[in-house]
Amino acid sequence: MDEKAAEPQQAVASSELNDKDAGVDVPINASGHKQELERNFHLINICGLAVTSGNTWIALGGSIVVAIYNGGPPGVIYELIAASVFYWLIAASIAELASAIPSSGGVYHWASVTAGRYGRVCGFFAGWWNFLAWILGLVGTAQIVGAQTVSMYALFHPDFTIQRWQVFVAYIICVWGCGFIVLFMNRALPSIEALGGFLVIAGVLITILVCAIMPHVNGQPYASNSFVWREWTNDTGYSSNGFAFCLGMLNGAFAVGTPDVISHLAEEVPRPSKNIPKGILAQFVIGFLTAFFYVIAIFYSLNDLDAVLSSSYLFPLTEIYRQATGSAGGSLGLLILAFLPSLIATIGCYLTASRVFWTLARDNATPFSGFFGRISQSHRNPFNSILLCGAISTILGCIYVGSSTAFSAFVGSFVVLSTLSYLAAILPHFLSGRKNVTPGWFWMRGPIGFVVNGIACLYIIVFVVIFCFPFSKPVDAKTMNYASLITGGLSIFVTVFWFWRQRDYVGPHAVSLESALLAEDAI
């Protein structure tokens, strides 16, 4: 069974495309499973999901205080550019695999195919790393919403002291409010995600205009060109500016590092071989351009950087916007423009995390796989997996009440876990000579594919190590980077689980792309 499960791109004959299930013909999709989900996400919807869940300019703004220590404003800008270039290569590598094997399993499925005879174990780890990353992505996004909520209240109550339990209450409301929408409003989700994409683009355009115009209207000075583009300040404690720059790329990676988000909707999108790569392209073009011009605008609007760094607001943009607009009301208005897309981004993270766990469960890679690998016939979604994601998010949120440092350690592991899952799919693809995958609609031909895959893998290997270094020196409990500890601990858990489940674990099946298209036409 092991050798058969490890064969790349197992082909299913077109005569087998329909399985009899209670007398009903059920098409088989590109994952080798019955097509159970409705394909109600069209190109505009998945572009909205990609742009909203990518949330690039909001994520960058939310971590701006940490990023400033790694070079000041010039560091933030140039580190964003550098991280984006490398993630474009990762995104291109993911886009061609998504085009060739459009499966909701995403990197889990691709790693199982590209790794050939080692596909079962490689795919197992890729899937669990990816699921754990997206759960932490969901938790981190919901926490941002909670911090935004409390910070908006604090704007008009100067004597208000922000406490963690208050953020936790807002966090829980966000987690289960968004969870309710994902659970019971499946048909409305495509429209919600399209709205999210509109809000992201409209929000950033309005914010850029306000930050560019309001200081002049209020008679406030703009920051100098030197402050924005040239005044490098290394406040990390590391003597090497080059290493501080590389370490600061973590903030850019956190902002742009979600190239697989829409790949997990492949079984809910018509013509995913074409539409998924197009959505990834839209995500990275829009994400980079909006983040780049946004961060320039807010840096020019600053007139007191020390006040931003010492601000008591949990969400750092609160003080930046207050300086840019000259009023609490103006800051509130701009915060709302970030708050609404963040809510929809939480919904997108729910969608992604639940789909990853569901695909693992249907291949018997999770506990109670029969329960979690089931699609609700009434709600037309992986209802039980969505509930599990909400429960895990609630448990992790409780950590925040006890220790914000411990909570940040978990959330901060998102980039490392996600990039490891990408590496598990791309590296075998590169080492096998790109021969285990039948090309899809998007394919990097000739040496271009090898160069892009190779650089993407090299970047991940090097920067996974760098991203585990302490954020600054001297090192104490608050400046320590616990990503290696969290990632290592979770990987040990996955390893133990592998030895427990490997006898029952089958691994994903794959059909030829041509057969999958025939099956889709039959829906």
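The values are calculated or read from the model by the stated rules, or taken from the named source; none is laboratory data. None of these values were measured; they are calculated from a predicted model. Neighbour counts run over all protein chains shown; Cβ positions are idealised from the backbone, glycine included. Please note that ligands, DNA and RNA were not included when accessible areas were found on the heavy atoms of the full protein model with its side chains. Shrake-Rupley method; radii C 1.70, N 1.55, O 1.52, S 1.80 Å.
The table below gives the values:
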item	result
Rounded percent of accessible protein surface that carbon and sulfur make up, the chain, 1.4 Å probe	67
Test item: Cα-centred dipole of the chain, Lys/Arg +1 and Asp/Glu -1 on Cβ, debye	300
Nonlocal amide H pairs with Phe471, under 5 Å, H built at 1.01 Å	Asn481
Sequence-separation-based contact order of the chain, relative, with Cα cut under 8 Å and 6+ spacing, percent	33
Spatially close lysines, pair count over the chain: Cα under 21 Å, gap of eight or more or interchain	5
0 to 90° range, to nearest 10: angle between helix 164-184 axis and the chain longest Cα axis	40
Size of electric dipole in the range 257-393: Cβ of Lys, Arg +1 and of Asp, Glu -1, about Cα centre, debye, nearest 20	600
Relative contact order of the range 407-492, pairs being alpha-carbon contacts under 8 Å that are 6 or more residues apart, as %	42
Spin-label pair Ile455/Leu209, simplified geometry with 7 Å Cα→Cβ offset, distance in nm	3.7
Listed residue (Ser311, Ser224, Ile201) projecting farthest to the positive dipole end of the range 188-342, Cβ model	Ile201
Positive dipole terminus of the chain, leading residue within Pro74, Gly279, Asn453 (C-beta point charges)	Asn453
Low-density loop positions, trypsin sites (Lys or Arg not before Pro), the range 465-512 - DSSP coil, at most 13 other Cβ in 10 Å	Lys478, Arg503
Extension gain, Lys473 back to Arg271 (0.36 nm per residue minus Cα-Cα distance, nm)	67.7 nm
As computed over the range 273-348, the Cα convex hull volume per residue (Å³)	101
At R0 = 35 Å, FRET efficiency that the Cβ-Cβ distance of Leu431 and Asn364 yields, to 0.05	0.80
Nearest-ten-degree value, helix 43-54 long axis tilted from longest Cα axis of the chain	50
Angle between the chain longest axis and helix 119-155 axis [Cα atoms, degrees, rounded to 10]	30
The range 318-358-the range 31-103 distance, computed between alpha-carbon centres (Å)	16
